[in-house]
Amino acid sequence: MMCTSVRTGVLQVASRLDDSVTSIYSLCISASDGQHVTSVIFNVSLYQPDDHNLAEFSHPFYVFDVAEDAAAGVTVGRVEAFIGVVGHPSSSSRPTYAITSRWASSMFHLNATYGILTLASTLDYETVSQFYCIVYTSSY
C-alpha cells in the first residue's frame, strides 16, 4: 500500500487506498547507520474529501519541554483540534483525544475532552531524554 524511499525516507502511496476497507494504517519506519537502528511509528488516516465533520489538529505536530524533576500530575501541554470544514469549525461538535500507545499512556495522561497532557509518572533524563506520543483525535 505504501513504500518508503531507502535514500530519502519519503513515504509514497504505492497502490490505491480505500477507506471503506481500512481507514487507519499504522506504519513503522526504521533507519540504520549500520550499527544502530531507530524506529518511529505513526498512523495515516484516510477520509472522504467531502466529509465535513473531520477532526483536525490545529498544528501538524506539538513539542513540549518539561523539567526532569517535574512531579506526576504536572501539565506538559495541550493539543487542540477542531471539527468542520477547514477554516469553518463546527460549534456543535467537540473532538475527543486519545494516546494510541500503551507505553506512552503509562508515562502521560491525556484529557480526552480538553487535550491537556499531564505527567502520569516521574521522568529520568538519563534513561530517556525524549518521548514521542501519537495522539489520535476523532469527532462525536
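Each value in this text was obtained by applying a stated rule to the coordinates, not by laboratory testing. Note that the structure is a prediction, hence the values are computed from the model and not measured. Don't worry about glycine lacking a Cβ; one is built from the backbone with ideal geometry, like all the others, and counts go over all protein chains shown.
5 Å is the cut-off here: which amide hydrogens, built 1.01 Å from N in the peptide plane, fall below it relative to Ala120, excluding neighbours closer than 5 in sequence?
Here Gly73, Phe108, His109 satisfy the definition.
Can you list residues from other chains, or at least 5 along the same chain, whose modelled amide H is less than 5 Å from the amide H of Arg78?
HN-HN under 5 Å from Arg78: Leu117.
Compute the length gained on full extension between Ser101 and Thr38: take 0.36 nm times their separation in residues and subtract their Cα-Cα distance, giving the result in nm to one decimal.
Stretched out fully, the Ser101 to Thr38 stretch lengthens by 21.0 nm.
Students often check this: by mean Cβ neighbours within 10 Å, which of 11-18, 34-41 ranks highest, and how do the rest follow?
Listed from highest to lowest mean packing, they are 11-18, 34-41.
Starting from the Cα of Val13, step 7 Å along the direction of its Cβ; do the same at Thr122; then give the gap between the two resulting points in nm.
Here the answer is 4.9 nm between the modelled labels.
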